[in-house]
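Some notes on the structure that comes next.
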Amino acid sequence: MNRRHFLFGALASPLASARQSAPRRKILIVLIDGFSPDYFRRSEMPNLRRICLEGAWKFGRGVMPTLTNVGNASLSTGTFPVTHGITSNYQFHRITGEYSAMESAQYLLAETVFQRAGRLGLRTALVASKDKVRTLCNAGSDFAISGEAPPPGWVKRVGPKQEIYSPSVDVWTFRAAGKLLKEEGCDLVYATTTDYMMHTYPAGAEESMQHLHQIDAILGEIVNDHPRLEIYLTADHGMTAMHEAIDPVRVLARHGIESNAVPIIQDKHMIHHRGLGGSTYVYLARPDTLETAKSLLTATTGVEEVYSNPEAAKSFRLHPGRIGDLFVLGAKGVAFGSLPAERVEVAVRTHGSRHEEEVPLAIYGRKADISQYEFTLDLVRKLSLES
């Protein structure tokens, strides 16, 4: 038996005895960024497997578009984008022609689970690998920290600032979550990772296996520390290997239609995805070109679906004031971005389309009819914070 299998066996065994005493209720909400079904199926994560077997789980759906900011905003508020207002990682301002990152709590229009819990006197925390998630979703939390930019006190307790392009930042996040539950008396902790490793390595790759093994080990330790721990675990989106990219602005320009396309996946972590995602919003300079533009993009090879603003808002429960005139979705393996040509070959693992929508949903430590849960946000929407 090699070292990895020994560690997995040793870490999985104590979970069955974790409920022998009944101290205070604890809630851990976990979002593993980019944790699609293939990672769930192919990774050796015995603690997560036991959590699923002893609790309830299924494959459900993330929220469209399948992006980090959208997914975290949806889970942390238990609402769809039409309510919380986060429709992308990036926003285009039609009047000024400028772009801005949707990474501040000022963009969030809905109440967070931390605010709900605070009214009941619960102590809460948000711990994120990416600092942008901390700044977006922290409203109402007693603690809000990130591995990317930890405050001095947490550097001493957990470790120094972590390289965001590494697995170590997620290890930091899980260790911090454990300390918040055990040493800070938090009743509810929301922990969310980065998807750099999923962007970089497919399921089953040695690097991916080691990454998920490390966080699974810490998850097992957290369960063993808290006999009444409840876990609500999911992902924001999956991940797809893309082989082709399309620039919709260039496609339309060839037919004399002026437009802007929002790089909705874009954020400050460009190494993750190179600004290429599986869907895009298109803003047209002239409203009277909408039907022609929609027809042209629909006929473009590699484009799977095109929705007008009202159609997109209704179909995907998006905030109509924060999306473009058109919402364009790619076929599997096709991404959108700002490119040197209409169409280029690419080799990038990314997300944003329907094809990254399927994700695991798991509930542990609380009875639940998992058949009544469809979307990731249902884990918080249906969460009762009363003891």
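The values are calculated or read from the model by the stated rules, or taken from the named source; none is laboratory data. Source: prediction; values computed, not measured. Glycine gets a Cβ as well: all are built from the backbone with ideal geometry, and neighbour counts include every protein chain shown.
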Task: Where Val189 falls short, out of the listed (1) surrounded by fewer than 24 Cβ atoms within 10 Å (Cβ to Cβ); (2) assigned to a strand (DSSP E or B) - done: (1)
- [ ] Name the one entry in Ser166, Ser141 that is crowded, with 24+ Cβ neighbours inside 10 Å and closer than 27 Å to Ile86 by Cβ.
- [x] Ser141
- [ ] Provide a single number: the residues in the stretch 260-290 that are part of a helix (DSSP H, G or I), at pLDDT 95 or above and crowded, with 18+ Cβ neighbours inside 10 Å.
- [x] 1
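Using the structure shown, decide if Leu48 is under 13 Å from the mean Cα position of the chain (by Cα) and either part of a loop (DSSP other than H, G, I, E, B) or modelled with pLDDT of 95 or more (or both).
On the way: under 13 Å from the mean Cα position of the chain (by Cα): no; either part of a loop (DSSP other than H, G, I, E, B) or modelled with pLDDT of 95 or more (or both): yes.
Here the answer is no, as Leu48 does not meet what is asked.
More than 21 Å from the chain's Cα centre (by Cα) and crowded, with 16+ Cβ neighbours inside 10 Å: does that describe Val158?
Numbers: more than 21 Å from the chain's Cα centre (by Cα): yes; crowded, with 16+ Cβ neighbours inside 10 Å: yes.
Spelling it out, Val158 is indeed more than 21 Å from the chain's Cα centre (by Cα) and crowded, with 16+ Cβ neighbours inside 10 Å.
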Task: Hey, Ala293 free of Cβ contacts under 8 Å to residues at least 60 places away in the same chain, part of a helix (DSSP H, G or I), surrounded by 18 or more Cβ atoms within 10 Å (Cβ to Cβ) and more than 24 Å from the chain's Cα centre (by Cα) or not - done: yes
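Report, by residue number, each residue of the stretch 301-324 that is in a loop (DSSP other than H, G, I, E, B) and buried (at least 20 other Cβ atoms within 10 Å of the Cβ).
Our first condition is that a residue be in a loop (DSSP other than H, G, I, E, B); within the stretch 301-324, this holds for 301-302, 317-319, 323-324.
Within the stretch 301-324, Leu318, Ile323, Gly324 qualify.
Give Val348, Val359 a once-over and let me know the one that is β-branched (Val, Ile, Thr), within 24 Å of His84 (Cβ to Cβ) and under 22 Å from the mean Cα position of the chain (by Cα). Break it down stepwise before answering.
Working: Val348 fails: within 24 Å of His84 (Cβ to Cβ).
Every option except Val359 fails the conditions.
Is it the case that Tyr232 is aromatic (Phe, Trp, Tyr) and either part of a helix (DSSP H, G or I) or surrounded by fewer than 21 Cβ atoms within 10 Å (Cβ to Cβ) (or both)?
no
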